[in-house]
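Chemist: Handing you this structure, nothing more for now.
The values are calculated or read from the model by the stated rules, or taken from the named source; none is laboratory data. This structure is a prediction, so every number in the text was calculated from the model and none was measured. Virtual Cβ from ideal backbone geometry, glycine too; neighbours counted across all protein chains shown. Side chains are part of the model used for accessible areas, which takes the heavy atoms of the whole protein and leaves out ligands, DNA and RNA. Shrake-Rupley method; radii C 1.70, N 1.55, O 1.52, S 1.80 Å.
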Amino acid sequence: MTQHKENNKEDQSLVYKVLHGNMEAFETIIKNTERLVTQIVFKMVQHADDRKDLMQDIYLNVFQKLSSFRFQARLSTWIAQIAYNACLNYATKKKLVLLNTWHTENDNEDETLNKALDKFNLFYGETEKLLFQKELAKILEDEINNLAPIHKTLIILYHYEEISYEEISQITALPIGTVKSYLFRARKTLRDNLLLRYKKDSL
Amino acid sequence: MIVEHLTEKEIQQYAIDRPGCEISTVEHLETCEYCNARVASYQLMFTAFSELSAPVNEFDLSSMVMSRIKQKKKSFLPDDLFVYSLVLVALVFTGVVLYSFRYVFLQLFRNLSYTVVYSAAATIFTILLLQLIENYKKYQRKTDALDIV
């Protein structure tokens, strides 16, 4: 709560300065939120040139709309919401698919996963698991990129940026239940794909 | 204690938030190797997230945005001046016309009954008021969409 109040005070001071013509304050806002906005844009938009234009447009939009910000959420959440909406508009214009249909599990796949799990548990001790972790991060990155744009955005926001369900719900304007459900599915798909890849590699 | 294996949801919840889990879930995991392996697979995946590298822009975003803002400000200035001068000219012209033909205009209204003048004024006022309310509602909707609770 105290942290939230401090953030709010800092946000208020920065916004006040920008609205009174202090451009350095806006640069600070960009620097403070660039990482989060970059995460969202990178996960939602594949094309590098489009990302460059989109990110600039997002901050121009933020600059123009800053006077309408009423501090009901954190400034970073508000900017992330603008970024997410900009990406959604981009995807709509480009007619991109943002959510894929989840394939249903079948018995064969379940069996393969179970075998991979058994093997993983029997042969890998703590040290091996730690060594495996570095390698796993690379595979994980690939597998995250194979997810649908919205799912990879949610996964990264929750597990990497450590943003709460509530804040993700604010950013994406999705109900908390939907956020949780998408995350559950995305985690399961990721875990299953990692196990399948692990099994393939270990054969 | 739960005899059957845990559901995927329970496994995920345990891997993410152990204290928030049901006691029966915790008890099951104390004895079930299979479910423990499932939990471990998730936990390993979650720890791998910390090894991921954050994407980095290959360009200086803040300087690009700042130069575009400055450019916009510069390009906006003549436009704004033009609009303001146009409004000023229009206002002066209207004032001159109203002043020059004031007797004609007064004559026009003198011939009308008070009822007609008042109802015309009331209609114009109502239309303007409704327009104002509509615009305010639109503004509210837009700011609400941007400013989240």
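Chemist: Would you be able to say whether some residue in segment B:91-107 is at pLDDT 80 or above, part of a helix (DSSP H, G or I) and within 14 Å of chain A (Cβ to nearest Cβ)?
Modeler: no
Chemist: From the residues in segment B:14-37 that are of a type outside the set (Ser, Thr, Tyr) and touching a Cys at 6+ places or on another chain (Cβ under 9 Å), which one is farthest from A:Leu190 (Cα to Cα)?
Modeler: If we take residues in segment B:14-37 being of a type outside the set (Ser, Thr, Tyr) and touching a Cys at 6+ places or on another chain (Cβ under 9 Å), then B:His28 is farthest from A:Leu190 (Cα to Cα).
Chemist: Another question, if that's okay. Which members of segment A:63-90 meet the condition of being part of a helix (DSSP H, G or I), in contact with a helix residue (DSSP H, G or I) (Cβ under 7 Å, 6 or more places away or on another chain) and more than 9 Å from chain B (Cβ to nearest Cβ)?
Modeler: Answer for segment A:63-90, where residues must be part of a helix (DSSP H, G or I), in contact with a helix residue (DSSP H, G or I) (Cβ under 7 Å, 6 or more places away or on another chain) and more than 9 Å from chain B (Cβ to nearest Cβ): A:Leu66, A:Ser67, A:Leu75, A:Ser76, A:Ile79, A:Ala80, A:Ala83, A:Tyr84, A:Ala86, A:Cys87, A:Tyr90.
Chemist: Give segment A:26-52 a look and list any residue that's open to solvent by 20 Å² or more (accessible area, probe 1.4 Å), assigned to a helix (DSSP H, G or I) and under 24 Å from A:Leu99 (Cβ atoms), or say none. Lay out the reasoning, then the answer.
Modeler: Narrowing segment A:26-52 to residues open to solvent by 20 Å² or more (accessible area, probe 1.4 Å): A:27-28, A:31-32, A:34-36, A:42-43, A:46-52.
Now restrict to residues that are assigned to a helix (DSSP H, G or I): A:27-28, A:31-32, A:34-36, A:42-43, A:48-52.
Once the filter is applied, which keeps residues that are open to solvent by 20 Å² or more (accessible area, probe 1.4 Å), assigned to a helix (DSSP H, G or I) and under 24 Å from A:Leu99 (Cβ atoms), segment A:26-52 yields A:Leu36, A:Phe42, A:Lys43, A:Ala48, A:Asp50, A:Arg51.
Chemist: Return the pair list, or none, for Cβ contacts closer than 9 Å from residues in segment A:27-55 that are more than 10 Å from chain B (Cβ to nearest Cβ) and within 14 Å of A:Leu154 (Cα to Cα) to residues that are among the acidic types (Asp, Glu) and in a helix (DSSP H, G or I), at least 6 apart or on different chains.
Modeler: none
Chemist: Confirm whether A:Val62 is touching a residue at least 12 places away in the same chain (Cβ under 8 Å), more than 21 Å from A:Leu147 (Cβ to Cβ) and among the β-branched types (Val, Ile, Thr). Before you say what the answer is, go through the steps one by one.
Modeler: Numbers: touching a residue at least 12 places away in the same chain (Cβ under 8 Å): yes; more than 21 Å from A:Leu147 (Cβ to Cβ): yes; among the β-branched types (Val, Ile, Thr): yes.
Criteria met by A:Val62.
Chemist: Would you check if B:Ser53 is outside any helix (DSSP H, G or I) and under 26 Å from A:Thr28 (Cβ atoms)?
Modeler: Numbers: outside any helix (DSSP H, G or I): yes; under 26 Å from A:Thr28 (Cβ atoms): yes.
So B:Ser53 passes the test.
Chemist: Checking A:Leu131 against (1) open to solvent by 20 Å² or more (accessible area, probe 1.4 Å); (2) away from chain B (no Cβ under 11 Å); (3) modelled with pLDDT of 95 or more, which test does it fail?
Modeler: (3)
Chemist: Using the structure shown, decide if B:Tyr42 is open to solvent by 90 Å² or more (accessible area, probe 1.4 Å) and either in contact (Cβ under 8 Å) with a residue 40 or more places away in the chain or aromatic (Phe, Trp, Tyr) (or both).
Modeler: On the way: open to solvent by 90 Å² or more (accessible area, probe 1.4 Å): no; either in contact (Cβ under 8 Å) with a residue 40 or more places away in the chain or aromatic (Phe, Trp, Tyr) (or both): yes.
Against the criterion (open to solvent by 90 Å² or more (accessible area, probe 1.4 Å) and either in contact (Cβ under 8 Å) with a residue 40 or more places away in the chain or aromatic (Phe, Trp, Tyr) (or both)), B:Tyr42 does not qualify.
Chemist: Something else about it: Could you count how many residues in segment B:1-59 are within 9 Å of another protein chain (Cβ to nearest Cβ) and of a type in the set (Lys, Arg)?
Modeler: The qualifying residues number 2.
Chemist: Restricting to segment A:142-154, what's the tally of residues that are aliphatic (A, V, I, L, M) and more than 17 Å from A:Arg197 (Cβ to Cβ)?
Modeler: So the first thing to find is which residues in segment A:142-154 are aliphatic (A, V, I, L, M), and the list is A:144, A:147-148, A:150, A:154.
Keeping just the survivors that are more than 17 Å from A:Arg197 (Cβ to Cβ) gives A:148, A:150, A:154.
Final tally of qualifying residues: 3.
Chemist: What is the number of the single condition among (1) of a type in the set (A, V, I, L, M, F, W, C); (2) within 30 Å of A:Arg185 (Cα to Cα); (3) modelled with pLDDT under 85 that A:Met1 does not meet?
Modeler: All conditions pass for A:Met1, except number (2).
Chemist: Now for a separate question. Which of the residues that make up segment B:1-40 are touching a Phe, Trp or Tyr at 6+ places or on another chain (Cβ under 7 Å) and basic (Lys, Arg)? Spell out how you get there, then give the answer.
Modeler: Step one: filter segment B:1-40 for residues touching a Phe, Trp or Tyr at 6+ places or on another chain (Cβ under 7 Å), giving B:5, B:9, B:11-12, B:15, B:21, B:25, B:29, B:37, B:39.
Scanning segment B:1-40 gives a single hit, B:Lys9.
Chemist: So, one more: How about segment A:168-203: which of its residues are open to solvent by 40 Å² or more (accessible area, probe 1.4 Å), outside any loop (DSSP other than H, G, I, E, B) and within 11 Å of chain B (Cβ to nearest Cβ)?
Modeler: Answer for segment A:168-203, where residues must be open to solvent by 40 Å² or more (accessible area, probe 1.4 Å), outside any loop (DSSP other than H, G, I, E, B) and within 11 Å of chain B (Cβ to nearest Cβ): A:Gln170, A:Lys180, A:Ser181, A:Phe184, A:Arg185, A:Asn193.
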